[in-house]
Amino acid sequence: MSAALILSGQTRRQTGAIAPELGVGFDYFPSLPADMYDCHLIDFVELTPETLCSVQRTCGRTTPVLDRAQLDRARTTCGGMPMVVHGVELSIGSAHGWNTAYLSILDQLQPLWPFLWHSEHLSFQTYVNVNGDVTPIGTPLPLPMTNEAGRLVAQRCAQLLKRYRVPFLLENPAHYLTDLPSDSDITDECVLMNRVTCASGCGQLLDLHNLYCNAVNHGFDPFEAVGRFALERVVEIHVAGGRWEGGYWTDAHDSAAPVPVWELLEYTLPHCPNVAGVVFELLEPHAVRMGADEIARNLECVHEIWSRHAPSVRNAP
């Protein structure tokens, strides 16, 4: 029985999955034509705040600072649409501590352009080297599937909920490593995610392309795995595309979502009672290469599926 069915009697407030239903979202990219964000296909925008920062140097240290000109341009382009944040540099799972510079960015952003929720990946990107220096790894890495790791991240999630007073979501990451360290009672990424979200009160960003990547690379059924997430905690869903590279299917965010990911969205969405939005995710250089017409076709696919399975549609009298 799935965690969603076990906990189906809990209310929206009890699961910590309170978020307004928005619809279909897309990333904000300053290099795309501004009129892309003035159309019926985008209901809300997802912002990566690190991309709107400049670097300030003080006493030999560098600190990211929001660039007000870039921020004002983004707000003007998005024209009052709802905005959510998706971060990539918090490194919430680093044993030595998370990235306080990223939190400084959020502190600057929230009063200037309030976000309805924010999210990060269940991963780590830094470690302390033998000289005691914090060192970037260069790519997000998965956490060990242990109770210790789960408790560490859950405590930090609870701090974020208290700090910003809006929902915080953890995204299930794509990874390419096998035989991760694990405790006997945490058998896979679904169990670890459920432990963290249930213990902290945070929600989940369910990235279906990441799940598909892991299923292809590690040999499991993604449809079966979906049912083992606590789906009542899913507030946002990502769909994206990827490619084969070095013998792995990679989370490249460079193309339309493949057919299995659309099938996963069609299958999953009806089982997520608190989902507030679905985002078609790209990286900026690939978005520019794809162009507005191809992006619009993918957003139309999301809309078609959302229109059949959104919570308001399912719950309509």
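The values are calculated or read from the model by the stated rules, or taken from the named source; none is laboratory data. Source: prediction; values computed, not measured. Virtual Cβ from ideal backbone geometry, glycine too; neighbours counted across all protein chains shown. For the accessible areas, the whole protein counts, side chains as well, though only heavy atoms, and no ligand, DNA or RNA atoms are used. Shrake-Rupley method; radii C 1.70, N 1.55, O 1.52, S 1.80 Å.
Go through the residues of region 172-187 one by one and say whether even a single one is touching a strand residue (DSSP E or B) at 6+ places or on another chain (Cβ under 9 Å), part of a helix (DSSP H, G or I) and surrounded by fewer than 24 Cβ atoms within 10 Å (Cβ to Cβ). The answer is no; no qualifying residue exists.
This table checks each residue for (1) under 23 Å from ASN147 (Cβ atoms); (2) open to solvent by 10 Å² or more (accessible area, probe 1.4 Å); (3) part of a helix (DSSP H, G or I); (4) in contact (Cβ under 8 Å) with a residue 40 or more places away in the chain.
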{"site": "ASN214", "(1), (2), (3), (4)": "yes, no, yes, yes"}
{"site": "GLU224", "(1), (2), (3), (4)": "no, yes, yes, no"}
{"site": "PHE229", "(1), (2), (3), (4)": "yes, no, no, yes"}
{"site": "ILE237", "(1), (2), (3), (4)": "no, no, no, yes"}
{"site": "ALA252", "(1), (2), (3), (4)": "no, yes, no, no"}
{"site": "ALA256", "(1), (2), (3), (4)": "no, yes, no, yes"}
{"site": "TRP262", "(1), (2), (3), (4)": "no, yes, yes, yes"}
{"site": "VAL275", "(1), (2), (3), (4)": "no, no, no, yes"}
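The criterion of being without any contact (Cβ under 8 Å) to a residue 60 or more places away in the chain, out of contact with any Ser or Thr (no Cβ under 7 Å at 6 or more places or on another chain) and either open to solvent by 40 Å² or more (accessible area, probe 1.4 Å) or not hydroxyl-bearing (Ser, Thr, Tyr) (or both) does not hold for MET145. Taking the numbered list (1) open to solvent by less than 40 Å² (accessible area, probe 1.4 Å); (2) touching a residue at least 60 places away in the same chain (Cβ under 8 Å); (3) part of a loop (DSSP other than H, G, I, E, B) in turn, VAL166 passes all entries but (2). Of all the residues in region 86-139, those that are in contact with a helix residue (DSSP H, G or I) (Cβ under 8 Å, 6 or more places away or on another chain), open to solvent by 30 Å² or more (accessible area, probe 1.4 Å) and not β-branched (Val, Ile, Thr) number 5. Of all residues in region 37-56, those that are aliphatic (A, V, I, L, M) and in a loop (DSSP other than H, G, I, E, B) total 2.
Restricting attention to region 285-295, the residues that are touching a residue at least 60 places away in the same chain (Cβ under 8 Å) and open to solvent by 20 Å² or more (accessible area, probe 1.4 Å) total 2.
Looking across SER31, SER94, one residue alone is touching a Phe, Trp or Tyr at 6+ places or on another chain (Cβ under 8 Å), among the polar types (S, T, N, Q) and assigned to a loop (DSSP other than H, G, I, E, B). It is SER94. Among the residues making up region 61-90, those that are in contact (Cβ under 8 Å) with a residue 40 or more places away in the chain and assigned to a loop (DSSP other than H, G, I, E, B) are GLY79, MET81, PRO82, VAL88. When ALA240, ALA292, ALA276 are checked against the criterion of being within 23 Å of HIS86 (Cα to Cα), modelled with pLDDT under 95 and touching an Asp or Glu at 6+ places or on another chain (Cβ under 9 Å), ALA292 stands alone in meeting it.
Of all the numbered requirements in (1) in contact with a Phe, Trp or Tyr (Cβ under 7 Å, 6 or more places away or on another chain); (2) surrounded by fewer than 18 Cβ atoms within 10 Å (Cβ to Cβ), ALA316 misses one, and that requirement is (1).
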